[in-house]
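Bear in mind these aren't lab numbers, they're just calculated from the coordinates by the rules spelled out. Just so it is clear, the structure is predicted and the values come from calculations on it, not from any experiment. In this analysis, Cβ positions are derived from the backbone assuming ideal geometry, glycine residues included, and neighbour counts consider all displayed protein chains.
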Amino acid sequence: MLEPEPTIVCIDCGGTCHLLTHPPEDGAWEPGDIVAYRCQDCRDRWDLVLPDEDGDDE
Ligand SMILES: [Zn+2]
């Protein structure tokens with residue numbers, strides 16, 4: 001099931017970025033959805049696009 005990571009590593013400072021975006025009510029993330037993270041150390045915001053699952057691995 002497609003699901004964003006709850007945390008990612010900050011590209012700038014190496015700190016932990018926490019997921020800001022709330023999941024959809026039905027819990028079904030769609031490819032192309034934009035999820036935002038906030039770094040707890042440098043307070044930078046990162047927006048990631050959920051990848052399209054079609055394709056490579058099976
Ligand atoms: Zn940071």
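For the range 4-58, which positions are assigned to a strand (DSSP E or B) and within 8 Å of the ligand (Cβ to nearest atom)? Spell out the reasoning first.
Our first condition is that a residue be assigned to a strand (DSSP E or B); within the range 4-58, this holds for 7-9, 16-19, 34-39, 45-49.
Answer for the range 4-58, where residues must be assigned to a strand (DSSP E or B) and within 8 Å of the ligand (Cβ to nearest atom): 17, 39.
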May I ask you to list pairs of residues, at least six apart or on different chains, whose Cβ atoms are under 9 Å apart, with the first in the range 6-22 being within 16 Å of residue 34 (Cβ to Cβ) and the second being near the ligand (Cβ under 7 Å from one of its atoms) and part of a loop (DSSP other than H, G, I, E, B)?
17/10; 17/41; 17/44
